[in-house]
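A.B. asks: The structure that follows is given in the form of structure tokens.
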Amino acid sequence: MMLQIIDLAFILEKLILIVVVISASLVIAMYTTFAERKVAAILQDRRGPNRAGPFGMLQPLADGLKLFFKEEIIPDFSSKFLFILGPALAMMTAMMTSAVIPWGDVIEIAGRKVSLQIADIDVGILYVFGVVSLGVYGIMIGSWASNNKFSLLGGLRAASQIISYELAMGISMISLLLITGNLSLKQMVLQQQHGFYNVVYQPLGFLIFLICAFAECNRTPFDLPEAENELIGGYHTEYSSMKLGFFLFSEYINMFVSSVIMSTLFFGGYDIPFINEAAMFSTNVLAIVGVVALMIKVAIFIFIFMWVRWTIPRFRYDQLMHLGWRILIPLALFNMLATGALSLWMK
Amino acid sequence: MKALTNKVKPVNRAPMSFMEKLYLPAIVHGMAITFSHIFKKKPTINYPEKKRPFSPVFRGLQILNRDEEGRENCTACGLCAVACPAEAITMEAAERESGEEHLYKEEKYAAKYEINMLRCIFCGLCEEACPKDAIYLSETFTPADYQRKQFIYNKQDLLIPHPKENPEAYQEALGNRANKTMVN
């Protein structure tokens with residue numbers, strides 16, 4: 001009986017955490033669309049949305065509402081099941097990554113320690129990579145099911161782009177793993193709390209990871225899958241209403257999640273830089289402050305995502321492949337070998 | 001081939017140096033440029049709340065004028081209609097009856113006065129032609145409607161509000177004309 005009670009509490013705790021994380025990332029993704037428009041406007045000397053609500057804060061709600069009320073068009077010539085599966089899969093894989101991210105330290109509720117991480121699995125990083133590479137299936141299936149040549153071209157581009165950049169990303173990850181020595185995200189954060197951040201040891205690895213993250217999220221300068229002016233919107237040409245909304249939304253969730261992962265892997269996750277915060281706050285306050293610190297890091301990364309988007313034009317397709325295969329992969333390999341050699345030598 | 005003008009700039013087709021091939025310095029430079037734009041003043045004006053000031057010679061919709069006691073200035077002489085290059089103005093004259101002195105300034109007045117705003121080119125020649133200061137171009141400039149016939153403005157649409165009965169609306173309709181020193 002006792003065991004049952006504990007299990008129930010455990011399930012309840014995880015359930016609440018899942019709901020909070022999912023809804024939080026949805027709301028954050030929503031406001032990232034708003035932030036994107038505002039940042040774009042500010043970088044271009046415009047004002048951006050400022051009509052809906054104070055400072056235009058209700059703009060994402062209005063956008064979402066608009067998407068819901070749009071006519072739902074499923075082309076006759078599409079395969080309907082896959083057509084609907086595409087955006088659903090894109091959204092799901094975007095949300096799934098957040099399961100292994102340590103959002104903060106533990107909080108104590110009624111003597112019970114609740115970890116602010118949904119699942120602390122030993123192969124956290126591998127899980128992230130697995131789910132991220134699943135992410136392209138949503139785009140591929142959606143584009144193929146549309147039965148439209150522009151969609152298919154967009155899907156093809158997305159697939160080859162993600163395969164190309166995942167290689168370099170994975171290799172740059174290996175060199176990070178050579179230093180940390182384990183795959184659990186929580187352990188990585190704990191290590192960085194005591195020593196330097198991983199970005200100090202792996203600046204080149206971080207740069208490669210950052211560039212690949214841009215490519216994985218289909219953000220400019222790597223937004224070839226949806227290149228508006230070449231492919232009429234690429235893989236989501238045939239989509240309308242909330243299914244289009246799902247595709248666009250999953251892009252923003254991907255951006256949020258990859259920002260979180262970059263802050264966790266390279267910038268200490270929920271650790272506050274330069275301060276030994278464990279000595280200053282009690283457990284619960286510490287956890288909350290940690291979450292805030294993580295969110296600030298994430299906000300900076302999201303701003304960089306946007307900043308780059310409104311600065312750099314899109315690559316040509318051959319330039320994209322050239323960068324991926326002939327520059328980033330050799331560079332990542334070199335980085336891996338150098339890291340391995342150095343860590344052996346330091347021993 | 002000799003260039004026709006001296007504005008021709010030769011294109012640099014030299015192969016890229018190592019630093020240029022890295023792209024990153026150029027990208028960082030570009031990002032610095034966009035970042036500097038955060039601090040620039042935005043030229044946009046929040047339109048309905050804030051309006052750009054008009055130039056003193058701005059020509060908007062026509063207004064039929066009244067004098068200080070609220071009598072209509074127009075005598076239906078037709079000079080504005082003659083002057084109008086777009087032939088947008090039509091009118092019908094009538095004679096003032098006794099007892100109507102408080103309505104019309106002179107013995108003759110316009111019983112009907114119409115301007116087709118779709119024809120009007122806002123040149124201001126009617127204002128120049130008018131010997132009685134009865135018509136002038138205001139600062140109103142954004143009429144919008146659902147029907148074409150609504151754009152044929154009749155006298156009620158054009159007349160300035162009565163200065164005695166509705167002084168606030170009168171002042172508003174005067175606009176910056178109230179501050180101008182009239183020449184005649």
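A.B. asks: Can you give the accessible area of A:Tyr197 in Å² (nearest 10), computed on protein heavy atoms with a 1.4 Å probe?
C.D. replies: Rounded to the nearest 10, that gives 40 Å².
A.B. asks: Have a look at the DSSP beta bridges in region B:1-134 and tell me what percent are antiparallel, nearest 5.
C.D. replies: DSSP beta bridges in region B:1-134 are roughly 90 percent antiparallel.
A.B. asks: Would you check the accessible area of B:Phe39, probe 1.4 Å, heavy atoms only, in square angstrom rounded to 10?
C.D. replies: Rounded to the nearest 10, the figure is 150 Å².
A.B. asks: Over region B:62-178, what is the mean sequence separation of C-alpha contacts under 8 Å (at least six apart), divided by residue count, expressed as relative contact order in percent? Provide the component values of the computation, followed by the final result.
C.D. replies: On the way: 199 pairs, mean separation 37.6, N = 117.
Rounded, it is 32 percent for region B:62-178.
A.B. asks: Here is a follow-up. Let a ≥ b ≥ c be the square roots of the eigenvalues of the Cα gyration tensor of region A:262-347; is it rounded (a/c under 1.5), or, if not, prolate (a/b larger than b/c) or oblate?
C.D. replies: Oblate shape, in that a/c is at least 1.5 and b/c is the bigger or equal ratio.
A.B. asks: Provide a list, ordered by number, of residues in region A:305-347 showing at least 50 Å² less accessible area with every protein chain present than when their chain is taken on its own, using a 1.4 Å probe.
C.D. replies: Buried by the other chains: A:Trp307, A:Thr311.
A.B. asks: Provide the solvent-accessible area of A:Met169, counting protein heavy atoms only and rolling a 1.4 Å probe, rounded to the nearest 10 Å².
C.D. replies: For A:Met169, solvent-accessible area is about 20 Å².
A.B. asks: Once the convex hull of the C-alpha atoms of chain A is built, how many Å³ does it hold per residue, rounded to a whole number? Don't skip to the end; give the middle numbers.
C.D. replies: Details: hull volume 57.9 nm³, N = 347.
Dividing the Cα hull volume of chain A by its residues yields 167 Å³.
A.B. asks: Checking buried surface per residue: for region A:37-60, which residues lose a minimum of 50 Å² accessible area in the protein assembly relative to the chain alone (1.4 Å probe)?
C.D. replies: Those residues are A:Ile42, A:Leu43, A:Asp45, A:Arg47, A:Arg51.
A.B. asks: Just the number, please: buried accessible area between B and A, total of both chains, 1.4 angstrom probe, nearest 100 square angstrom.
C.D. replies: In total, this chain pair buries about 1500 Å².
A.B. asks: Using only Cα atoms, locate the centre of region B:19-97 and the centre of region A:164-216, then give the distance between them in Å, rounded to an integer.
C.D. replies: 57
A.B. asks: For every helix of n ≥ 4 consecutive DSSP H residues, a contribution of -39,500 (n - 2.57) applies; sum these over chain B, divide by its total residues, and give [θ] at 222 nm rounded to the nearest 500 deg cm²/dmol.
C.D. replies: Calculated from helices alone, the mean residue ellipticity at 222 nm is -5500 deg cm²/dmol.
A.B. asks: Once the dipole of chain A is set up with Lys and Arg at +1 and Asp and Glu at -1 on Cβ about the Cα centre, which of A:Ala94, A:Phe150, A:Ala41 lies farthest towards its positive end?
C.D. replies: A:Ala41
A.B. asks: Ok, one more. Roll a 1.4 angstrom probe over the protein heavy atoms and tell me the percent of accessible area of region B:26-103 that is carbon or sulfur.
C.D. replies: Carbon with sulfur: 59 percent of the solvent-accessible area.
A.B. asks: Within the protein assembly as shown, which cysteines find no other Cys whose Cβ is under 4.7 angstrom from their own?
C.D. replies: A:Cys212, A:Cys217, B:Cys74, B:Cys77, B:Cys84, B:Cys120, B:Cys123, B:Cys130
A.B. asks: Here is a follow-up. With the solvent-accessible surface defined on protein heavy atoms using a 1.4 Å probe, which residues belonging to region B:29-47 display a reduction of at least 40 Å² in accessible area in the multichain context relative to the isolated chain?
C.D. replies: Listed in order, they are B:Met31, B:Thr34, B:Phe35, B:His37, B:Ile38, B:Lys42, B:Thr44, B:Asn46.
A.B. asks: Further, regarding this structure: Just the accessible area per residue of region A:2-346, please: how many Å² with a 1.4 Å probe? List each step's numbers first, then the result.
C.D. replies: Numbers: 16120 Å² over 345 residues.
Per residue, region A:2-346 has 47 Å² of solvent-accessible surface.
A.B. asks: Identify, among A:Ile232, B:Asn166, A:Leu265, the residue whose Cα sits farthest towards the positive end of the charge dipole of the protein assembly as shown, taking +1 on the Cβ of Lys and Arg and -1 on the Cβ of Asp and Glu, with the dipole about the Cα centre.
C.D. replies: Of the options given, the answer is A:Leu265.
A.B. asks: Per residue, what accessible area does chain B have, given a 1.4 Å probe and all protein chains present, in Å²?
C.D. replies: On the way: 13500 Å² over 184 residues.
Here the residues of chain B average 73 Å² of exposed surface.
A.B. asks: Place the peptides A:44-51, B:2-9 in order of packing, highest mean first, counting for every residue the other Cβ atoms within 10 Å and averaging per peptide. Could you put the intermediate results ahead of the total?
C.D. replies: Numbers: A:44-51: 15.1, B:2-9: 6.1.
Ranking the peptides A:44-51, B:2-9 by packing returns A:44-51, B:2-9.
A.B. asks: I've got another one for you. With every protein chain kept in the model, how would you rank A:Asp105, A:Asp120 by accessible area, 1.4 Å probe, largest at the top?
C.D. replies: Heavy-atom accessible area, descending, gives A:Asp120, A:Asp105.
A.B. asks: I need two numbers for region B:62-178: Rg to one decimal and Dmax as a whole number, Cα atoms only, in Å.
C.D. replies: Just the Cα atoms of region B:62-178 yield Rg and Dmax of 13.9, 41 Å.
A.B. asks: Moving on. Which whole-Hz couplings ³J(HN,Hα) result when phi for each residue of region A:242-249 is put into the Karplus expression 6.51 cos²θ - 1.76 cosθ + 1.60, θ = phi - 60°, listed in order with x for Gly and Pro?
C.D. replies: For region A:242-249, the Karplus-derived couplings read 6, 5, 5, x, 4, 4, 5, 5 Hz, x marking Gly and Pro.
A.B. asks: Further question on the same structure: Would you mind finding the longest exposed-site-free stretch of chain A, with exposed GluC sites (Glu not before Pro) meaning DSSP loop and at most 14 other Cβ atoms within 10 Å?
C.D. replies: A:73-347
A.B. asks: Residue by residue through region A:223-231, what is 3J(HN,Hα) from phi via Karplus (6.51 cos²θ - 1.76 cosθ + 1.60, θ = phi - 60°)? Round to whole Hz and write x for glycine and proline.
C.D. replies: 8, 4, x, 10, 2, 4, 7, 9, 10
A.B. asks: Under a point-charge model restricted to the Cβ atoms of Lys and Arg (+1) and Asp and Glu (-1), what is the dipole moment magnitude of the protein assembly as shown relative to its Cα centre, in debye to the nearest 20?
C.D. replies: 1840
A.B. asks: Roughly speaking, what is the centre-to-centre gap between region A:250-273 and region A:278-298 when only Cα atoms are used, to the nearest Å?
C.D. replies: Comparing the Cα centres of region A:250-273 and region A:278-298, I get a distance of 15 Å.
A.B. asks: Could you tell me the relative contact order of region A:2-346? Use alpha-carbon pairs under 8 Å, at least six residues apart, and round to a whole percent.
C.D. replies: 23
A.B. asks: Accessible area of region A:187-313 with a 1.4 Å probe: how many percent of it is carbon plus sulfur?
C.D. replies: 72
A.B. asks: Share of antiparallel DSSP beta bridges in region B:62-178, in percent to the nearest 5? Present the calculation step by step, with values, prior to reporting the outcome.
C.D. replies: Numbers: 13 of 15 bridges.
Once the DSSP bridges in region B:62-178 are tallied, antiparallel ones form about 85 percent.
The values are calculated or read from the model by the stated rules, or taken from the named source; none is laboratory data. Values in this document were obtained by computation on a predicted structure and should not be read as measured data. Here the Cβ is made from the backbone with ideal geometry for all residues, glycine too, and neighbour counts use every protein chain on show. Note: accessible area is taken over every heavy atom of the protein model, side chains too, but ligands, DNA and RNA are not part of it. Shrake-Rupley method; radii C 1.70, N 1.55, O 1.52, S 1.80 Å.
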